[in-house]
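What follows is a single structure, written as structure tokens, with notes after it.
The values are calculated or read from the model by the stated rules, or taken from the named source; none is laboratory data. Predicted model, so just to flag it, every value in this text is computed and none were measured. As a convention, Cβ positions derive from the backbone with ideal geometry for all residues, glycine included, and neighbour counts pool all protein chains shown.
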Amino acid sequence: MARGGFGGMPGMNMNQIMKQAQKMQKQMEEAQASLAEQILETTAGGGAVKVVITGKKEIQSITIDPEVVDADDVEMLQDLVLTAVNEAIRQADELANQTMGRITGGIGNGLF
């Protein structure tokens, strides 16, 4: 039986592991709260459509320039909105991965 270690890892005991896990959990909770407060803004069509989103992927607003509203070309407007929303989500994902990656050391990147 391995002595003085956890799973054969010298110097690691269950108390140390639990303390590290609790510390990491607290840091992650703080980071998630911070993400909820961070605001990202993206645009599409040269600013014709603007999306404001939080770091937790909650869309705050979508603004459409009235000049791009054309009843004969609804498809273009739909595409602009879709593009802006997808970019906002991509940026929120990137922010979350960077924020959480600082805590986890990159382990689990892409999961947040």
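What strands (runs of 3 or more DSSP E), lying completely within the chain, carry at least 2 residues that are at pLDDT 85 or above and of a type in the set (S, T, N, Q)? Don't jump to the end; show me each part of the working.
Values: elements: 39-44, 49-54, 59-64.
So the answer is 39-44, 59-64.
For the range 23-70, the tally of residues that are within 20 Å of GLY101 (Cβ to Cβ) and of a type outside the set (Gly, Ala, Ser) stands at 17.
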